[in-house]
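Undergrad: Below: one structure in structure tokens.
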Amino acid sequence: YGIDILGITETHRPFSDEIVLDNGGLLINSGRTDGIRRQGVGLYLSKKIKNSLISYVPVSERLLSIRLHSKHINISVVVAYAPTEDADDKEKADYYQQLNSVFIELPKHDIKLLCGDFNARITSDNQLWPGVLGSQSLHTLSNDNGKRLLDFCALHRMTIGGTLFQHRDIHKGTWKSPDGRTVTQIDHVCISTDWSHSLLDLRSYRGADIGSDHFLVRGRFRIRLKAVSDSDRKHRRVPAVEGLRNGILVDNYNVALKNRFDVLPADVSLEEKWTNFMNGVTDVSLDVLGCSFIQVRNPAA
């Protein structure tokens, strides 16, 4: 399924640790501190992007936070496992209070992704929740957990991705009851509303063998992750500006630059706009024109 980042709930692994898997990927776990094999959340990073990891915080057996280095802006990912719909109000309130505390501590300007099992049915009435959801939810009405998730997303300017894309109902449901009669959409992926355009698609996949009564939920994002390599430390890349003498490259350059600026967030500070402008020009120049390397000299030499 070509997955680079995978949030996992109900890992049933106690304590917190990280494991390098046989395929070169990295598995980070956040479990109970009493050794009991219940609950637990985890996050898998593929071999390709594991070096993008900046840090992670194993908050509890229900919450795990990580931060990734991206080409343009860093990304904070929170994996969540909410109490069931039948849990008492205090347990739910405590959980969302802890989740709120986690989000408050995230760097303000990061792209934020929230994924996991929320046991939350979300309404399809998006008129009451502009920016928070689309009209493609599997359900007509929200349950109590759904209302709590909607309130949380509205507070933190998050958009529920599974409600944005038109798919058959069979590709919206994320959990099936043991008797096979009930299918609900209770697992969700949420993204910062200002960056919701970077989410290209999201749906469930029933054919994935994940050993669970939940289905795999897969999203496609237009976000480039980046690791700092040794060569980047020794050399500085600059655009090959001589390519601007080529008329065809100039046309391609102008189109790419326009496309880049079209997806930049508008509701940011003047300083951020300038940073985004500079990064946009540099990145497009490198992508379209190619690059030249300048040797970085050792000051002591």
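The values are calculated or read from the model by the stated rules, or taken from the named source; none is laboratory data. Since this is a predicted model, take the numbers as computed values, not measurements. With ideal geometry, Cβ positions are generated from the backbone for all residues, glycine too; neighbour counts draw on all protein chains shown. All accessible areas refer to the heavy atoms of the entire protein, side chains included, with ligands and DNA or RNA removed. Shrake-Rupley method; radii C 1.70, N 1.55, O 1.52, S 1.80 Å.
Undergrad: Condition (residue is open to solvent by less than 10 Å² (accessible area, probe 1.4 Å), in contact with a Ser or Thr (Cβ under 7 Å, 6 or more places away or on another chain), hydrophobic (A, V, I, L, M, F, W, C) and assigned to a strand (DSSP E or B)) applied to the stretch 38-52: is it met by at least one residue?
TA: yes
Undergrad: For Leu99, which of the numbered conditions (1) open to solvent by 40 Å² or more (accessible area, probe 1.4 Å); (2) under 17 Å from His188 (Cβ atoms) fails to hold?
TA: Failing condition for Leu99: (1).
Undergrad: Inside the stretch 193-218, can you point out the residues that are buried (at least 22 other Cβ atoms within 10 Å of the Cβ) and of a type in the set (Ser, Thr, Tyr)?
TA: Ser204
Undergrad: Which residue, of Arg13, Arg62, is under 24 Å from Thr193 (Cα atoms) and basic (Lys, Arg)?
TA: Among Arg13, Arg62, only Arg62 is under 24 Å from Thr193 (Cα atoms) and basic (Lys, Arg).
Undergrad: Among the residues of the stretch 122-140, which ones are exposed (fewer than 13 other Cβ atoms within 10 Å of the Cβ) and closer than 20 Å to Ser204 by Cβ?
TA: Of everything in the stretch 122-140, those that are exposed (fewer than 13 other Cβ atoms within 10 Å of the Cβ) and closer than 20 Å to Ser204 by Cβ turn out to be Ser135, Thr140.
Undergrad: Which condition breaks for Lys48 when tested against (1) modelled with pLDDT of 95 or more; (2) closer than 22 Å to Val217 by Cβ?
TA: Looking at each condition in turn, Lys48 falls short on (1).
Undergrad: For Pro178, are the conditions met, namely being closer than 26 Å to Thr11 by Cβ, modelled with pLDDT under 95 and not β-branched (Val, Ile, Thr)?
TA: It is true that Pro178 is closer than 26 Å to Thr11 by Cβ, modelled with pLDDT under 95 and not β-branched (Val, Ile, Thr).
Undergrad: Answer with yes or no whether Gln98 is assigned to a loop (DSSP other than H, G, I, E, B) and at pLDDT 95 or above.
TA: When the stated conditions are applied, Gln98 does not pass them.
Undergrad: Give the number of residues within the stretch 240-281 that are over 26 Å from Ser198 (Cβ atoms) and assigned to a helix (DSSP H, G or I).
TA: 9
Undergrad: Another question, if that's okay. Would you check which residues across the stretch 141-166 are open to solvent by 50 Å² or more (accessible area, probe 1.4 Å) and assigned to a loop (DSSP other than H, G, I, E, B) and list them?
TA: Listed by number, the residues that qualify are Leu141, Arg157, Leu164, Gln166.
Undergrad: Residue under question is Thr84, and the condition is that it be crowded, with 19+ Cβ neighbours inside 10 Å and hydroxyl-bearing (Ser, Thr, Tyr); does it hold?
TA: Here the answer is no, as Thr84 does not meet what is asked.
Undergrad: Still on this model: Looking only at the stretch 40-49, decide whether some residue is out of contact with any helix residue (DSSP H, G or I) (no Cβ under 8 Å at 6 or more places or on another chain) and within 21 Å of Gln97 (Cβ to Cβ).
TA: Yes, that holds for at least one residue.
Yes/no matrix, rows are residues, columns are (1) open to solvent by 80 Å² or more (accessible area, probe 1.4 Å); (2) modelled with pLDDT under 75:
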site	(1), (2)
Arg220	yes, no
Leu225	no, yes
Asp230	yes, yes
Arg236	yes, yes
Gly243	no, yes
Leu249	no, no
Lys258	yes, no
